[in-house]
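Let me begin by presenting the structure, written as structure tokens, before commenting on it.
The values are calculated or read from the model by the stated rules, or taken from the named source; none is laboratory data. All figures in this text were calculated on a predicted structure; none of them were measured in a lab. Because the Cβ atoms are built from the backbone with ideal geometry, glycine has one as well, and the counts that use them run over all protein chains shown.
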Amino acid sequence: MFKRSKVSMGVMLALSTVVGGAAYAQSQTVEITGSRIKRADIEGSQPVTTYTRADLEASGSVTVAEFIRNTTFTSSGSFRPQSGSTAQSFSGVSLRGLGSERTLVLVDGRRVAKAPNVGDSADMNSIPMAAVEKIEILTDGASAIYGSDAIGGVVNVILRKDFEGLVLNYGETKPSITGGDRTEASVIGGMASDKGRIVFGASKTSRDIIFVRDYPWGAAVGASSFSNGFYKGVADGKGGYAFSPSNGTSLGAAGTCDFPDKGFYIGAGSRCRYDFNLVAADEAALATKSVFARGEIKVGRDWSAYANVSSTNNTSFGRYAPVPDSIVIDKAGAGNLLGFAGPETLYLAHRFAAAGNRDTSTDATLVDLTVGAQGSVLGFDVDFGARRTTSKFVETGRGFIVKGLATAAINNGTYNIADPFANSDTVLKSITTTTGRDGLWAQTDFYANAQTSLFKLGGGDARLYVGLETSKQTYKDIYDSLSEAGEVLGSSGSSASGSRSVDALTAEMFMPITRNLEATVAARYEKYSDYGSDFSPKASMKWKVMPNLSLRASAGRGFRAPSLPSLYTKPSFSADTIVDPRHCAADGGFTVAECLSEEFQINGLRISNPNLKSEKSKQFSLGAIWDVTPAFSVKVDYWSTTITNTLSFVDAQEIVDRDNGDSPLPIPAALSITRDPATGAIVQIVSGLSNEGTLKAAGVDLSVLFRHSVGGWGKFEHELTWSERTKWTENGINQNGEFGEPKSRATLTNGWSMGALSANWNLNYIGRNEDVRGSAGGYVTHDVQLAWATPVKGLKLTVGAVNITGKLPQLVGSPYDQKPFNYYLYDAYGKQYYLKGEMKF
């Protein structure tokens, strides 16, 4: 530990000047997530669960995203990095299963900037695990304090502040499957004196790519008809094609398909097939590097200045199988050369494997700088400052095909379809392109708040908090021109850009009515420059029935503002499939009965909707905290959330149904269907987001904690956390317990310590969930850990295993978001052994 000397203070101040470190003034009272008023009692009137630094280390998790994804409050799982996704490097958090866009993420009470590759949620990978002191999860709506997005709850990551010394950490994790290896390294330093303090550090984490072929089920052949075969389709204007062994001809019949080392093989019916499992990756490689510093210095008897700065760089690499597509064969060109004749359209269902795999790399950097001051003046505790956050994102894709160029090359004979691997590099390069995508989220905030005691009540001083905030947000997500025009096979996207300003006023009042009864009322008003304003009130109470038993309750309203992508994304073409008797009748050739199920492909247009308003929510919770004995305590909370005017995507089929009167709902403003006035045939459908629908969810959270000692055998701690979702309906349709929506999640943590040794055994449970898409039974995994504070001063070694039994997720017959298992709830790493070392100086 450093001495508190003039030398150490000089070093601290110099570092503070160079890196702009950050921290906040200490106080005997603390600010708990869900309230801006500092108080002594950490168990308030709202349900907040706190995970300490020790909890994070005992979990075996390497990242903040990984730790939170495994808590019971993420009932439906959360989005995580996956190869080939437009959000390949993104890790979200979805409390209550309400979505990452309805979960507010804070760092030290201030919201994390949204990731530009999604535009409506914070990327948990931007928060370095090494910098975290604790994580508080508020499982109640909190728009009255924090504003938009807090419908599902709040994740508040509290960073290290009171830290002295130097700590080095290094660890490696090895899964039992091939791929997915992880490394972690960090350094944390800190100094403090009566004049100020600083904490600084750097960290790096990485995870290797995982290929589908390396899963236990990856040996199964992925049979794709997009390989190298011809198919005939009747030119009926439907935009599709039919095929069967009787009217399909495979190039493999001539012996030019059988390239098993490259994924091509001749399957059933002498059809040419392609095994996409041979090359496709499931989870993207991910690497995160962070540097951060936080500092505070006294500038007077009652005042201090603070600053923080952090920079996080997140890169990823993903691989998809080579581009597949159906190419229309020109009858006068390649069709004539092949001796094709007939009224049908001839298609080549081709896999452009000779041009290489589709590889996508991303590079994102988030820079966050805050400066401010706090102190006391005229009886008010004041805090004000400014913050600038910039998140930049670059995505590069290789191995993609330009449809027009490929079609021309195939039809004029330049591209050899009989033996694609015989094509020269010149030919292959002439039809390929490198795709690009650039994203930006830039935000500038100014804030000022004050709190003071107003008058005395039976339990102490009533306190008032008032805060003002103003924010300017700029968003961009720009695709290359070919992808945006739909000319790139295997890739597409619509550019979006927009900006808004947000002004907010928050007021909160804490009233200790008696020594055993307290009440808090809060409200927040937010004004948006683009869509309007919202007002969110909330009230909560806590009653100490007995010294060891307290009851609490809260009720409030919340909102989620429409995201910038939902308001400002450019229109994009969409080939939508619909069933419509009127369009079928206009097409002709079908009976009335056939028209009830016949599918047609029509021209669609997907748009953002400038008429969107915010979602609204009503929430309440009831709870009890019972310290049965000093060693045994129980917490239970019931919660209920109703969301109206949900931001829902209205697709082409739904618009057809509404136009035909099969749905009682009207077609939303800005969305439409255009028909030929003479025949009723569909000319175009414009689909997109709309404010409609109601979502209702409710559940119970239970926590039981027991601490005890057993003679000379050390200290033990056991904690059971159980979350049970009792209701989940969308527009009156029950989805509770369906596939991907388990009713139950639970964890049982068991800790032991004696002298230099400590151990943990954690059990994780995900309840049964099933419907027509698939079935997953109750799922239990076990994590174990042993830590040893070695005789070497400051050196601690930790060994452990996540999922030590190697349990794998249950596969489903029908793919779930293009995966054979629920990728958001489960992982497929198998056993994950790890070794970590920590050195303190």
- Query: Looking only at residues in the stretch 326-369 that are at positive phi and out of contact with any helix residue (DSSP H, G or I) (no Cβ under 9 Å at 6 or more places or on another chain), which one is modelled with the highest pLDDT?
  - Reply: 342
- Item | Residues within the stretch 529-553 that are closer than 14 Å to residue 622 by Cα and either of a type in the set (Asp, Glu) or loosely packed, with under 14 Cβ neighbours inside 10 Å (or both), tallied | 0
- Any idea which of 793, 807 is outside any strand (DSSP E or B) and more than 19 Å from residue 764 (Cβ to Cβ)? 793
- Output the number of residues of the stretch 500-519 satisfying the condition of being farther than 15 Å from residue 453 by Cα and not in a strand (DSSP E or B). 3
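This table checks each residue for (1) out of contact with any Cys (no Cβ under 6 Å at 6 or more places or on another chain); (2) surrounded by fewer than 20 Cβ atoms within 10 Å (Cβ to Cβ); (3) modelled with pLDDT under 95.
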site	(1), (2), (3)
796	yes, yes, no
804	yes, yes, no
810	yes, yes, yes
822	yes, no, yes
825	yes, no, yes
829	yes, no, yes
- Query: If we keep just the residues of the stretch 554-583 that are of a type in the set (Lys, Arg) and surrounded by fewer than 21 Cβ atoms within 10 Å (Cβ to Cβ), which is nearest to residue 140 (Cα to Cα)?
  - Reply: 557
- For the stretch 119-202, list the strands (runs of 3 or more DSSP E) that sit wholly inside it and hold at least 3 residues that are more than 26 Å from the chain's Cα centre (by Cα); which are they? 165-175, 182-193
- Just one of 576, 530, 587, 534 is touching a strand residue (DSSP E or B) at 6+ places or on another chain (Cβ under 6 Å), acidic (Asp, Glu) and more than 24 Å from residue 499 (Cα to Cα); which is it? 576
- Message: Here is a check on your reading of the model: is residue 212 at pLDDT below 95 and closer than 29 Å to residue 304 by Cα?
- Response: no
- Here, strands (runs of 3 or more DSSP E) confined to the stretch 645-752 with at least 3 residues that are without any contact (Cβ under 8 Å) to a residue 40 or more places away in the chain are 672-675, 715-730
- Here are some residues: 562, 537. Which one is within 25 Å of residue 153 (Cβ to Cβ) and not in a strand (DSSP E or B)? 562
- Message: I want to confirm something. Restricting to the stretch 784-820 and keeping residues that are aliphatic (A, V, I, L, M) and closer than 15 Å to residue 60 by Cα, which single residue is nearest to the chain's Cα centre (by Cα)?
- Response: 802
- Item | Matching residues in the stretch 45-84 - criterion: being over 30 Å from residue 492 (Cα atoms), touching a helix residue (DSSP H, G or I) at 6+ places or on another chain (Cβ under 6 Å) and part of a loop (DSSP other than H, G, I, E, B) | 61, 63, 73, 75
- Task: Within the stretch 590-609, track down each residue that is assigned to a loop (DSSP other than H, G, I, E, B), at pLDDT 85 or above and surrounded by 13 or more Cβ atoms within 10 Å (Cβ to Cβ).
- Result: 608, 609
- When both residues are 6+ apart or on different chains and their Cβ atoms are under 6 Å apart, which pairs have a first residue that lies in the stretch 790-805 and is more than 11 Å from residue 836 (Cα to Cα), and a second that is surrounded by 14 or more Cβ atoms within 10 Å (Cβ to Cβ) and among the small types (Gly, Ala, Ser)? 802/60
